[in-house]
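See below for the structure under consideration.
The values are calculated or read from the model by the stated rules, or taken from the named source; none is laboratory data. None of the values given here were measured: they were computed from a predicted structure. Every residue, glycine as well, gets a Cβ built from its backbone with ideal geometry; the counts of neighbours run over all protein chains shown.
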Amino acid sequence: MGASEQVSDRNQAKARPATPVWARESGKRRSTLTREAIVAAALRIADAEGLAAVSIRRIATELDARTMSLYSYIDSKADLFDLMGDEVAGEVVIREGLPAEWRQAITMIACREREVGLRHPWQVDLVTQRPGAMIGPNGLRHLEQSVAALAGLRLEPHDAWRVIAAVDDYVLGFVGRETREREIARHAEATGLEGEALVRPYLQDLADSGEFVAITPLLRDGLRCTGRDFEQGLNWMLDGIERQYG
């Protein structure tokens, strides 16, 4: 964020009402510039270049608008991140209904979270920087759906929340690892290097050294996240939950 943008955010913060961004009215000064258009542009930039590329100035350029005009619709970059997080949370909500059996329902939700997370890989950074970004209207709809999916376990609401938090943490960690692997592969392709082929001889030498006995099969076969790994890990977690609450 540039110095001028930081000053603008601070000035806006002085007059900002003490309410979340989702509860505030959006400015309506230009019919072609709306809060929805601003958030959509931010999502496009983040999807293409990562969260660090998102700035009020950059979005204004994308929308052919003056930078200061965006502050009629949002008060700060932090508000923008919150709106982006809630927009993505809306993609996680399953509109077509869930299975009645709790394990199937939670598995469907977790798989949707992974799918959306891979579509918007910057979300991992956003959750770290702005944990409150996931408690907007869509974030709460997602939580409502997730807790309702556990009805068959007859949990107290706080226990249900703990179960959902554990599953969400698992998905977030897995998506983070998948995202890193994809970035490494893209970098290798962009630089003309075959990433796995490049390190294969090195890993083979380590496997042949006899020093790493426990992980020799892993060094020889390679390590990579797959959908099957995701489902297996999720099943292990759900097995533990079922043993305790089922």
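Within region 132-150, is there a residue that is in contact (Cβ under 8 Å) with a residue 24 or more places away in the chain and under 17 Å from residue 239 (Cα atoms)?
Yes: region 132-150 contains one or more residues that are in contact (Cβ under 8 Å) with a residue 24 or more places away in the chain and under 17 Å from residue 239 (Cα atoms).
Looking at region 211-233, is at least one residue over 28 Å from residue 169 (Cα atoms), exposed (fewer than 12 other Cβ atoms within 10 Å of the Cβ), modelled with pLDDT under 75 and among the aliphatic types (A, V, I, L, M)?
no
For region 84-121, give me each residue that is farther than 26 Å from residue 239 by Cβ and in contact with a Ser or Thr (Cβ under 9 Å, 6 or more places away or on another chain).
Residue satisfying the conditions is 121 alone.
Name the residues in region 47-80 that are within 16 Å of the chain's Cα centre (by Cα) and not in a helix (DSSP H, G or I), would you?
50, 54
State the number of residues belonging to region 207-233 that are among the aliphatic types (A, V, I, L, M), out of contact with any Lys or Arg (no Cβ under 9 Å at 6 or more places or on another chain) and not in a loop (DSSP other than H, G, I, E, B).
Looking only at region 207-233, we keep the residues that are among the aliphatic types (A, V, I, L, M), and these are 207, 213-215, 218-219, 223.
Imposing the further condition that a residue be out of contact with any Lys or Arg (no Cβ under 9 Å at 6 or more places or on another chain) reduces the set to 213-215, 218-219, 223.
Applying the additional criterion that residues be not in a loop (DSSP other than H, G, I, E, B) yields 218-219.
Residues in region 207-233 being among the aliphatic types (A, V, I, L, M), out of contact with any Lys or Arg (no Cβ under 9 Å at 6 or more places or on another chain) and not in a loop (DSSP other than H, G, I, E, B): 2 in total.
Do you know which residues across region 121-155 are among the polar types (S, T, N, Q), within 22 Å of residue 23 (Cβ to Cβ) and at pLDDT 90 or above?
Residues satisfying the conditions are 138, 145.
Go over the candidates 10, 44, 16 one by one and state the one that is at pLDDT below 95, assigned to a helix (DSSP H, G or I) and of a type in the set (D, E, K, R). Reasoning before the result, please.
Numbers: 44 fails: at pLDDT below 95; 16 fails: assigned to a helix (DSSP H, G or I).
None of the others qualify; the one that does is 10.
Taking residue 74 as the residue in question, decide whether it is within 16 Å of residue 33 (Cβ to Cβ), modelled with pLDDT of 95 or more and buried (at least 18 other Cβ atoms within 10 Å of the Cβ).
Details: within 16 Å of residue 33 (Cβ to Cβ): yes; modelled with pLDDT of 95 or more: no; buried (at least 18 other Cβ atoms within 10 Å of the Cβ): yes.
Answer is no for this residue.
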